[in-house]
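Inspection log for the structure reproduced underneath, given as structure tokens.
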Amino acid sequence: MKQILVLSDTHGRNSVHQELRKLYPNAEAYLHCGDSESPASELDGFVSVKGNNDMYYDYPAQIILDLDGVRILLIHGHQYPMYHMVERLIQKAKEEECQLVLYGHSHVFKVTREEGITLVNPGSIHHNRDASLPTYALITLNKGEITVERKEYPWPEKKRKWF
């Protein structure tokens, strides 16, 4: 059994990385789906891809990992049109033979399971566009089974309504 901590769209909120690593010291991987707007030195061990706001940083557009026998595609998602993103990510996962896709960009937590592929958008630690509290994902891999937990990050200044 392996746990993966997944963030996206932190947009310069660098203290979050250390705080969450302290909360989950035994996680197998710390993954960031892009738009950190931070250099790698500020990500405190998170593996990250490049988001559309990471123009000054040299992150790869995508990364493929293999954890506990599960192939994982880590990508920001801005490469695909918003209204066709899930369909395009499923196609990309098939091409790369991945069972799990981790993506960001929309600032909305979402889990989709289609055609044997699990897609997870952890939402945003900065702010979610659905007016919910900031979120991240905790994923458990257990013998090929993928379990996803939505976790809220309680910024002290954030309330249910951020607008």
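Within the set of other residues whose C-beta is less than 13 Å from the C-beta of Pro39, count the net charge using Lys and Arg as +1 and Asp and Glu as -1.
With Lys, Arg at +1 and Asp, Glu at -1, the neighbours total -4.
Calculate one ³J(HN,Hα) per residue across the stretch 23-29 by plugging θ = phi - 60° into the Karplus curve 6.51 cos²θ - 1.76 cosθ + 1.60, and present them in order as whole Hz with x for glycine and proline.
Once rounded to whole Hz, the list reads 5, 10, x, 9, 5, 6, 8.
List every residue whose amide H lies under 5 Å from the amide H of Thr118, counting only residues 5 or more places away in sequence or on a different chain, with H placed 1.01 Å from N in the peptide plane.
Leu100, Val101
For Tyr80, what charge total do you get from the other residues with a beta carbon under 11 Å from its beta carbon, if Lys and Arg give +1 and Asp and Glu give -1?
Residues close to Tyr80 contribute a combined charge of +1.
Relative to the longest principal axis of the C-alpha atoms of the chain, give the angle of the C-alpha long axis of helix 85-96, reported between 0 and 90° and rounded to the nearest 10°.
50
Considering amide H positions built from the backbone, and no H for Pro or chain starts, which residues 5 or more places from Gly123, or on another chain, come under 5 Å of its amide H?
Under 5 Å from the amide H of Gly123: Val108, Phe109, Lys110.
With the cut-off at 27 Å, tell me which of the pairs Lys22/Lys94; Lys50/Lys110; Lys2/Lys94 have Cα atoms farther apart than that.
Too far apart for the 27 Å limit: Lys22/Lys94.
For Lys94, what charge total do you get from the other residues with a beta carbon under 12 Å from its beta carbon, if Lys and Arg give +1 and Asp and Glu give -1?
Cβ neighbours under 12 Å give a net charge of -3.
If you average 1/r across every pair of different Cα atoms in the stretch 2-152 and take the reciprocal, what Kirkwood value do you get, in Å?
15.0
No lab work stands behind these numbers, since they all come straight from the coordinates. Source: prediction; values computed, not measured. FYI the Cβ positions are ideal-geometry reconstructions off the backbone, even for glycines, and counts take in every protein chain you see.
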